[in-house]
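Encoded as structure tokens, the structure appears first; notes follow it.
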Amino acid sequence: MDIAKSNIVRSGAGRDKGKLFAVLAVEGEYLLLADGKSRKVESPKRKKRRHVLFVSAEESRLAEKIRSGEKVTNSELRRTLAGYREALQPDQEG
């Protein structure tokens with residue numbers, strides 16, 4: 001599947017391997033990624049498309065804001081990605 005603006009991806013390479021990000025923009029073979037914590041919306045991570053793994057095509061208010069070019073806050077990003085983190089890696093207690 002082709003990765004597009006507003007998708008949720010997981011880093012597959014680099015020191016941020018395994019972390020979830022939202023795609024803020026697509027520039028050819030590069031993606032601009034942010035997670036709202038280590039990579040803020042103001043300074044997104046530029047990463048090659050082949051170094052990320054597709055997780056989900058987000059269909060929420062956040063995805064709508066990213067696609068339309070509205071201002072996205074770091075707290076919105078953190079909240080959305082936390083939901084995916086819980087779904088992908090549930091607590092493995094007892």
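For the range 47-93, the square roots a ≥ b ≥ c of the C-alpha gyration tensor eigenvalues yield an a/c of 1.5 or more together with a/b not exceeding b/c, which makes the shape oblate. Using a 7 Å offset from Cα along Cα-Cβ at residue 87, what residues in the range 19-38 end up with backbone N under 19 Å from the label point? Answer for this model: 19-24, 34-36. Net charge in the neighbourhood of residue 4 (other residues with Cβ under 14 Å of its Cβ; Lys, Arg +1, Asp, Glu -1) is -3.
Surface analysis of the chain yields an accessible area of 62 Å² per residue, using protein heavy atoms and a 1.4 Å probe.
Of the solvent-accessible surface of the chain, computed with a 1.4 Å probe and all protein chains present, 47% belongs to carbon and sulfur. Shown here: mean projected area of the Cα convex hull in nm², derived from the displayed model; of the candidates [x] 7.2; [y] 9.4; [z] 6.4, it corresponds to [z].
Computed from backbone phi with θ = phi - 60° and the Karplus coefficients 6.51, -1.76 and 1.60, the 3J(HN,Hα) list for the range 42-56 is 5, 9, x, 7, 9, 9, 5, 4, 6, 9, 10, 10, 5, 10, 7 Hz; x is used for glycine and proline. What you get for the chain, charging only the Cβ of Lys and Arg (+1) and of Asp and Glu (-1), is a dipole of about 460 debye around the Cα centre.
Along the axis of the charge dipole computed for the chain (Cβ charges of +1 for Lys and Arg, -1 for Asp and Glu, origin at the Cα centre), the listed residues 38, 69, 84 are led at the positive end by 38.
The values are calculated or read from the model by the stated rules, or taken from the named source; none is laboratory data. Please read these numbers as outputs of a predicted model, since none were measured by experiment. Quick reminder, even Gly has a Cβ in these numbers, built from the backbone with ideal geometry, and neighbours come from all protein chains shown. Heads up: the accessible areas ignore ligands, DNA and RNA and are worked out on the full protein's heavy atoms, side chains in. Shrake-Rupley method; radii C 1.70, N 1.55, O 1.52, S 1.80 Å.
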